[in-house]
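Bear in mind that the values in this text are calculations on the coordinates, not laboratory data. Note that the coordinates shown come from a computational prediction; the quantities given were computed from them, not determined experimentally. Using ideal geometry, Cβ is built from the backbone for each residue, glycine included, and neighbour counts are taken over all protein chains shown.
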Amino acid sequence: MKILVTGGAGFIGSNFVYYMLDKHPNYDIVCLDALTYAGNLKTLDGALKNPKFKFVKGDIADRELVFDLFEKEEFDIVVNFAAESHVDRSIEDPGIFLKTNILGTQTLMDASRKYNVKRYHQVSTDEVYGDLPLDRPDLFFTEETPIHTSSPYSASKASADLLVQAYHRTFGLPITISRCSNNYGPYHFPEKLIPLMIANALNNKKLPVYGEGLNVRDWLYVEDHCKAIDMIIHDGKVGEVYNIGGHNEKTNIYIVRKILELLGKSEDLITYVTDRKGHDLRYAIDPTKIKNDLGWEPDTMFDDGIVKTVNWYLENKSWWEEIISGEYQDYYEKMYSNR
Ligand code: NAD
Ligand code: TDX
């Protein structure tokens, strides 16, 4: 079995590469990644030592490169993680989100059609469903919830999902789609809530909480997402969408306080800043379908996962310190100074 993992130098893609090399030692894994600001080859150091793993630098929207790669490698399965993934950046500059997330997906599917890939799996997000009200804890996203997006990021992901479903219906491309809730764990890029708060707290910098910190996210340990995708590409039904989430809803302020507590830092570091434009209130996944159909359930509960994550950032300071010392400084200045 040969699997193409796009975006494998990013957060979830790299965790998936390690998960698959460990779980299926006889599979060949090829990673295609453009190494944008969010991609980091050092993250794949361990995988690069494995003869069953190969890294190719390239853009998923580069047709010539993608078609050449598919011709040469004859993939059985494609798992597309490659994306622009940060909502705040999509509010600043939507264009690259449309190019990578929509046209990149199209390019990969065109190549999958031409070279008869047996399964094209699209890694999507719960953000395609929009948000839920804070005062209706009885409501959850199911696979039937209508697409209803808020940010240029989520609109680009939803566009890609619709295109993936159209390629299945029109061309018979054997696709599956997964829509997961917020992930956390090792190799999470420090522009996102949890690693940003850990890095800032360790550097005794202010922790910028948007609005009142009452927005709710449904957090899943990254390895449980990888396990779900592995199950879907092997046993999922072609043409289907699977929601992934572990019923773990927390307000942002709860997360920030928990991180401060685990690091033994003062809550005086918290600062409330101007809210994100169009800020989604609450995400909450109903994972009944993947539980019933594939037997998936999460292994890591939040109280353990957050301790493991904080410890990982303590033990791997060089990984994130190098990232935040570079162009990230300009990004941080632009997004957070005078906010
Ligand atoms: P990330 O930003 O950490 O990583 C994205 C990776 O894609 C990087 O390695 C980057 O270099 C690569 N990439 C970007 N543009 C590319 C291009 N044009 N060609 C090739 N490679 C390119 O993102 P992540 O958090 O790991 O998210 C991975 C996927 O999972 C995305 O599709 C995202 O929408 C989805 N998702 C993420 C979450 C989450 O909580 N992070 C939750 C649900 C779904
Ligand atoms: O500095 C911050 N302060 C803050 O209050 C940051 C970076 C975030 N927040 C808030 C905004 C959100 O309510 O924390 C929450 C989480 O923010 P992000 O980490 O940016 O994640 P989110 O916007 O929820 O999107 C994530 O989950 C779904 C991923 O980045 C997406 O790629 C995925 O699809």
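Out of (1) more than 16 Å from ligand 2 (Cβ to nearest atom); (2) touching a residue at least 60 places away in the same chain (Cβ under 8 Å); (3) within 20 Å of Ser181 (Cα to Cα), what's the single condition that is false for Leu69?
The number of the failed condition is (3).
Tell me whether the stretch 146-158 contains one or more residues that are closer than 15 Å to Phe81 by Cβ and small (Gly, Ala, Ser). Walk me through it before giving the result.
To start, the set of residues in the stretch 146-158 that are closer than 15 Å to Phe81 by Cβ comprises 153, 156-157.
Applying the additional criterion that residues be small (Gly, Ala, Ser) yields 156.
Yes, the conditions are met somewhere in the stretch 146-158.
Find the residue count for the stretch 109-131, including only residues that are part of a helix (DSSP H, G or I) and within 18 Å of the chain's Cα centre (by Cα).
Residues flagged as part of a helix (DSSP H, G or I) and within 18 Å of the chain's Cα centre (by Cα) within the stretch 109-131 amount to 4.
Please specify each residue of the stretch 169-188 satisfying the condition of being within 22 Å of Arg257 (Cβ to Cβ) and within 12 Å of ligand 2 (Cβ to nearest atom).
Answer for the stretch 169-188, where residues must be within 22 Å of Arg257 (Cβ to Cβ) and within 12 Å of ligand 2 (Cβ to nearest atom): Ser181, Asn182, Asn183, Tyr184, His188.
Among the residues of the stretch 50-67, write down those that are out of contact with any helix residue (DSSP H, G or I) (no Cβ under 6 Å at 6 or more places or on another chain) and either within 7 Å of ligand 1 (Cβ to nearest atom) or of a type in the set (D, E, K, R) (or both).
Lys52, Lys54, Lys57, Asp59, Asp62, Glu64, listed by residue number.
Only one of Thr288, Thr271, Thr300 is of a type in the set (Ser, Thr, Tyr) and under 20 Å from the mean Cα position of the chain (by Cα); which? Spell out how you get there, then give the answer.
Values: Thr288 fails: under 20 Å from the mean Cα position of the chain (by Cα); Thr271 fails: under 20 Å from the mean Cα position of the chain (by Cα).
The match here is Thr300.
Can you go through Ala47, Ala9 and tell me which one is free of Cβ contacts under 8 Å to residues at least 60 places away in the same chain, touching a strand residue (DSSP E or B) at 6+ places or on another chain (Cβ under 9 Å), small (Gly, Ala, Ser) and more than 10 Å from ligand 1 (Cβ to nearest atom)?
Values: Ala9 fails: more than 10 Å from ligand 1 (Cβ to nearest atom).
Matching residue, one of Ala47, Ala9: Ala47.
Within the bounds of the stretch 63-77, is there any residue that is surrounded by fewer than 21 Cβ atoms within 10 Å (Cβ to Cβ), in contact with a Lys or Arg (Cβ under 8 Å, 6 or more places away or on another chain), charged (D, E, K, R) and assigned to a loop (DSSP other than H, G, I, E, B)?
Yes: the stretch 63-77 contains one or more residues that are surrounded by fewer than 21 Cβ atoms within 10 Å (Cβ to Cβ), in contact with a Lys or Arg (Cβ under 8 Å, 6 or more places away or on another chain), charged (D, E, K, R) and assigned to a loop (DSSP other than H, G, I, E, B).
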